[in-house]
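The values are calculated or read from the model by the stated rules, or taken from the named source; none is laboratory data. These numbers were taken from a predicted model, which means no experiment stands behind them. Using ideal geometry, Cβ is built from the backbone for each residue, glycine included, and neighbour counts are taken over all protein chains shown.
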Amino acid sequence: MALGYGPKDLFEEIGIYSPDIIGITMMTFNYRNHYKLINEIKSRFKNIAIAVGGAHVSLMREKVLADCPDIDYGVVLEGEKTMLELCQGNDLSKIGGLIYRKNSKIVFNGERSFIENLDDIPYPKYGSFELDKYPYPNSPERFRDIPIVSSRGCPYQCIFCPVKSAIGEKFRYRSPENMLKELGYWYEKGYRTFWFADDNFTLLKERVSKFCDLIDKSGMKDLSLGCGNGIRADRVDIELLKKMKNAGFKVLAFGVESGSDRILKIYKKSETLLQIETGIKNAIELGFSVGLCFLIGAPGETPQDVEKSFELARRYPIDGVRFYHITPYPKTELYEWIEKNSYFVAEPAEYLNSVISFQNNPVYKTPELPLNVRKKLFKKAKKIENYIENNFYARKFVKLGTPKLIAGVLASLYRTSIINRILNLQIRGKKLREHIKKLYI
């Protein structure tokens, strides 16, 4: 539906196909819109069962079925086997990971064991998807990207992270050989850009190292690989980064969280500022496009701690930075701390549905960071984001031979979409258009 289709189109497809069950993946953000859509589907197709899965269901469990009576089944954590057994008509009470209704009661069978060997799960080929509309409509395959998930879970204990509840703490992963098969499948179809959406892609350095070796031996050229979801700086060393660069990795985002060692300890990040800065410096020196991600709102965090994050963001010639207000998710240590101390200024049911962490709407306060102070710091953070992004584009224009003074002006124009509008109008000046496209392709 994000491709321009509306509910009417969806209802028409359901009527034509007439399935026994409809599966819907749910994220927590905008979960009420999902409920509304489910209600509309059920009102028109009362005999079709609706099963929901995804992060929101894994996090909230039985509450999802309680909040939305039109949902028949909930699938918790990994859904491959649970959905298969449900579709096969197995005894509901014996399907692990399933939430269902029985005699007006909501029953959860409990979590099922994780799939240990992820190679057993076929990688998605999106056969029924309109891939020509993702994400750059009507562009050649080489300019479009394919997301790849090569692992699940994260063993770390960061107090703000819901991954443990959403997909599990235990780290499970695909083999390098299996990863290469997926890469090769899309490569043969003309794709060259791939994003690894793992929560902890480089946790096992030897796995990534072997994957890079296999890419080198495969003969696949002109690859553009990225880890935009954030990797840990302590799980990459200079040798691994060199291999990744040679294999075609170009973009790395580091989940820094804070420029203060004290706050990193409070987050239970199990990582030091020295390790983080070493990773950043090594990646930049090797020519990676580097992005950093920071959080604002740790227990005990002061304005001085936040300023340390600002300083770190400005210290290196990175290509981008993002500062976020933390969104406290249920079942995390941070959420429980906020609830225990009555620091919430918004109801969880409300902010989980509507709050976006990169907007200036903090949902809790702390003694060290009252709301007015926190909002002021966040405004400063946005200015730093703009400053760093502008410098990034200016450096790109300089590499294209543009004088520094003009490069700064062009960077500002590009960021405000003026040049993008010119490109869309397809004015004359093919050479300029090709140069500018190099900035984001």
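What the table below lists for this structure:
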read-out: Conditions (1) crowded, with 17+ Cβ neighbours inside 10 Å; (2) closer than 28 Å to residue 386 by Cα; (3) more than 19 Å from the chain's Cα centre (by Cα); number of the one not met by residue 274; value: (1)
read-out: Cβ-Cβ under 6 Å pairs, at least 6 apart or on other chains, the range 268-289 side closer than 12 Å to residue 312 by Cα, far side at pLDDT 95 or above and of a type in the set (Asp, Glu); value: 273/261
read-out: Residue in the range 7-27 that is assigned by TED's automatic domain parsing to the domain that holds residue 82, surrounded by 12 or more Cβ atoms within 10 Å (Cβ to Cβ) and polar (S, T, N, Q) present; value: yes
read-out: Filter pass, residue 381 being free of Cβ contacts under 8 Å to residues at least 40 places away in the same chain, farther than 15 Å from residue 266 by Cβ and not assigned by TED's automatic domain parsing to the domain that holds residue 35; value: no
read-out: Scan of the range 189-211 for residues that are among the β-branched types (Val, Ile, Thr) and under 18 Å from residue 145 (Cα atoms), ordered by number; value: 193
read-out: Qualifying position, being more than 26 Å from residue 332 (Cβ to Cβ), charged (D, E, K, R) and assigned to a helix (DSSP H, G or I), among 8, 63, 46; value: 8
read-out: Scope the range 130-152; condition within 25 Å of residue 211 (Cβ to Cβ), at pLDDT below 95 and not basic (Lys, Arg); matching residues; value: 131, 134, 135, 141, 143, 145, 146, 147
read-out: Filter result for the condition that a residue is under 22 Å from the mean Cα position of the chain (by Cα), among the acidic types (Asp, Glu) and modelled with pLDDT of 95 or more, over 234, 213; value: 234
read-out: Failed item in (1) within 29 Å of the chain's Cα centre (by Cα); (2) within 23 Å of residue 11 (Cβ to Cβ); (3) of a type outside the set (Val, Ile, Thr), with residue 77 passing the rest; value: (2)
read-out: Any chance residue 308 is free of Cβ contacts under 8 Å to residues at least 60 places away in the same chain and either surrounded by fewer than 21 Cβ atoms within 10 Å (Cβ to Cβ) or assigned to a helix (DSSP H, G or I) (or both); value: yes
read-out: Some residue of the range 85-107 being in a loop (DSSP other than H, G, I, E, B), of a type in the set (S, T, N, Q) and surrounded by 13 or more Cβ atoms within 10 Å (Cβ to Cβ); value: yes
read-out: Residues located in the range 241-297, provided they are in a loop (DSSP other than H, G, I, E, B), under 21 Å from residue 158 (Cβ atoms) and not hydroxyl-bearing (Ser, Thr, Tyr); value: 259, 268, 269, 271, 297
read-out: Some residue of the range 238-260 being under 17 Å from residue 309 (Cβ atoms), more than 23 Å from the chain's Cα centre (by Cα), surrounded by 19 or more Cβ atoms within 10 Å (Cβ to Cβ) and touching a residue at least 40 places away in the same chain (Cβ under 8 Å); value: yes
read-out: Residue check, residue 177 among the acidic types (Asp, Glu), surrounded by fewer than 19 Cβ atoms within 10 Å (Cβ to Cβ), touching a residue at least 24 places away in the same chain (Cβ under 8 Å) and part of a helix (DSSP H, G or I); value: yes
read-out: Residues satisfying the stated conditions in the range 286-320, i.e. within 23 Å of residue 371 (Cβ to Cβ) and of a type in the set (Val, Ile, Thr); value: 296, 302, 306
read-out: Some residue of the range 126-140 being in contact (Cβ under 8 Å) with a residue 40 or more places away in the chain, loosely packed, with under 15 Cβ neighbours inside 10 Å and among the acidic types (Asp, Glu); value: yes
read-out: Residue in the range 216-225 that is within 27 Å of residue 158 (Cβ to Cβ), touching a Leu at 6+ places or on another chain (Cβ under 7 Å) and surrounded by fewer than 21 Cβ atoms within 10 Å (Cβ to Cβ) present; value: no
read-out: Checklist (1) within 24 Å of residue 168 (Cα to Cα); (2) assigned to a loop (DSSP other than H, G, I, E, B) applied to residue 222, failing item; value: (1)
